[in-house]
Amino acid sequence: MVNALGCCLFLLNIIKSNMSLYFFLNIGSFLIPFLYSFEKRMKYSKRWKVIFPSLVITALFFIVWDIIFTKMGVWSFNPRYHSGTEFFGLPIEEWLFFICIPYASLFIHFSFQYFFPNVALSGSTVKWIYCILMVITIPIVAINYDRWYTFVNFSLFILVLTVAVFKFSEVLKTYFITFLIILIPFLLVNGILTGSFIEEPVVYYNDNENLGIRLGTIPIEDTGYAFTMLLMSLILMKIIEKKNESI
């Protein structure tokens, strides 16, 4: 017992001494949804067996993308705001980002479904939204083939959304709604990461590789990035659920 307490205190001291703004944003975003995961009505923790595998698979994909783009100079990280511990050129906080932020975002999605089970878009509305988004994003991709973040980001957006529309349209009936709610905390956290309310950005973006259009300090591409990352996790959850049912 004493040894366990000593180990906990030791770890807390390490965390405290290496606490960074980026680490704080990750943990701050994750903590409340995690604590409410054990709430008796929603029982969000019971979804962990499908949530965490889907988050890890999605995270691995986006981390590889992240490593490549960091090496290419599409974006970079301000050492002032992270602990300095890096793996494959990414701060440890960036690795945590791909678990903490999606976990909190999916918590919002499933909370909405629980408390408003009858609020959903019709199938025809989903298809209309899809068509409108394609009319907007396809020309952007075609025109900006030489801007790496814009091209790769919106190409993946188009691919994942198309798969969702034709294979997992039920997910989009609420996700199109919940993503608008998720955008509120997303804009706050990502705003700080890109320089809002602080002296320097946590993450620097090379504007030669994006459209140069910002929502405050946030590149417009980040909204598509977040949409795709979360939708990919939701699709994987459906696949894992179906696989578990067939066993």
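Taking segment 130-153 as the region of interest, how many residues are closer than 17 Å to Ile68 by Cβ and open to solvent by less than 90 Å² (accessible area, probe 1.4 Å)?
6
Condition check ((1) without any contact (Cβ under 8 Å) to a residue 24 or more places away in the chain; (2) of a type in the set (Gly, Ala, Ser); (3) in contact with a helix residue (DSSP H, G or I) (Cβ under 9 Å, 6 or more places away or on another chain)) across all residues:
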{"position": "Phe98", "(1), (2), (3)": "no, no, yes"}
{"position": "Asn118", "(1), (2), (3)": "yes, no, no"}
{"position": "Gly123", "(1), (2), (3)": "no, yes, yes"}
{"position": "Val126", "(1), (2), (3)": "no, no, yes"}
{"position": "Met134", "(1), (2), (3)": "no, no, yes"}
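Just to be sure before I move on: is Lys167 among the basic types (Lys, Arg) and within 15 Å of Met232 (Cβ to Cβ) in the structure I sent? Write out each step before concluding.
Values: among the basic types (Lys, Arg): yes; within 15 Å of Met232 (Cβ to Cβ): yes.
Spelling it out, Lys167 is indeed among the basic types (Lys, Arg) and within 15 Å of Met232 (Cβ to Cβ).
Go through segment 187-211 and count every residue that is among the hydroxyl-bearing types (Ser, Thr, Tyr), farther than 19 Å from Ile27 by Cα and buried (at least 19 other Cβ atoms within 10 Å of the Cβ).
Adding up the residues that qualify gives 1.
Name every residue in segment 155-171 that is touching a residue at least 60 places away in the same chain (Cβ under 8 Å) and open to solvent by less than 20 Å² (accessible area, probe 1.4 Å), in order of residue number.
Phe157, Val160, Leu161, Ala164, Val171
Would it be correct to say that Leu215 is under 18 Å from Val160 (Cβ atoms) and either more than 19 Å from the chain's Cα centre (by Cα) or aliphatic (A, V, I, L, M) (or both)? If you could, list the steps in order and put the result at the bottom.
On the way: under 18 Å from Val160 (Cβ atoms): no; either more than 19 Å from the chain's Cα centre (by Cα) or aliphatic (A, V, I, L, M) (or both): yes.
For Leu215, the condition - under 18 Å from Val160 (Cβ atoms) and either more than 19 Å from the chain's Cα centre (by Cα) or aliphatic (A, V, I, L, M) (or both) - is not met.
Counting only residues that are open to solvent by 30 Å² or more (accessible area, probe 1.4 Å) and either of a type in the set (A, V, I, L, M) or out of contact with any helix residue (DSSP H, G or I) (no Cβ under 8 Å at 6 or more places or on another chain) (or both), how many does segment 212-231 have?
5
Do we have any residue at all in segment 211-229 that's under 19 Å from Ile57 (Cα atoms) and acidic (Asp, Glu)?
So far as segment 211-229 goes, no, none of its residues is under 19 Å from Ile57 (Cα atoms) and acidic (Asp, Glu).
Filter segment 38-58 down to the residues that are crowded, with 18+ Cβ neighbours inside 10 Å and polar (S, T, N, Q), then identify the one that is nearest to Val189 (Cα to Cα). Spell out how you get there, then give the answer.
So in segment 38-58, the residues crowded, with 18+ Cβ neighbours inside 10 Å come out as 44, 50-51, 54-55, 58.
Next cut, polar (S, T, N, Q) only: 54, 58.
Values: Ser54: 22, Thr58: 20 Å.
Here the residue is Thr58.
Applying the selection to segment 22-55, what residues are more than 17 Å from the chain's Cα centre (by Cα), assigned to a helix (DSSP H, G or I) and polar (S, T, N, Q)?
Once the filter is applied, which keeps residues that are more than 17 Å from the chain's Cα centre (by Cα), assigned to a helix (DSSP H, G or I) and polar (S, T, N, Q), segment 22-55 yields only Ser45.
Which of the residues belonging to segment 96-129 are within 20 Å of Phe157 (Cα to Cα), open to solvent by 20 Å² or more (accessible area, probe 1.4 Å) and among the aromatic types (Phe, Trp, Tyr)?
Phe97, Trp128
The values are calculated or read from the model by the stated rules, or taken from the named source; none is laboratory data. Since this is a predicted model, take the numbers as computed values, not measurements. Note that we place each Cβ from the backbone using ideal geometry, even for glycine, and neighbour counts take in every protein chain shown. Surface accessibility is based on the protein's heavy atoms, side chains included, excluding ligands, DNA and RNA. Shrake-Rupley method; radii C 1.70, N 1.55, O 1.52, S 1.80 Å.
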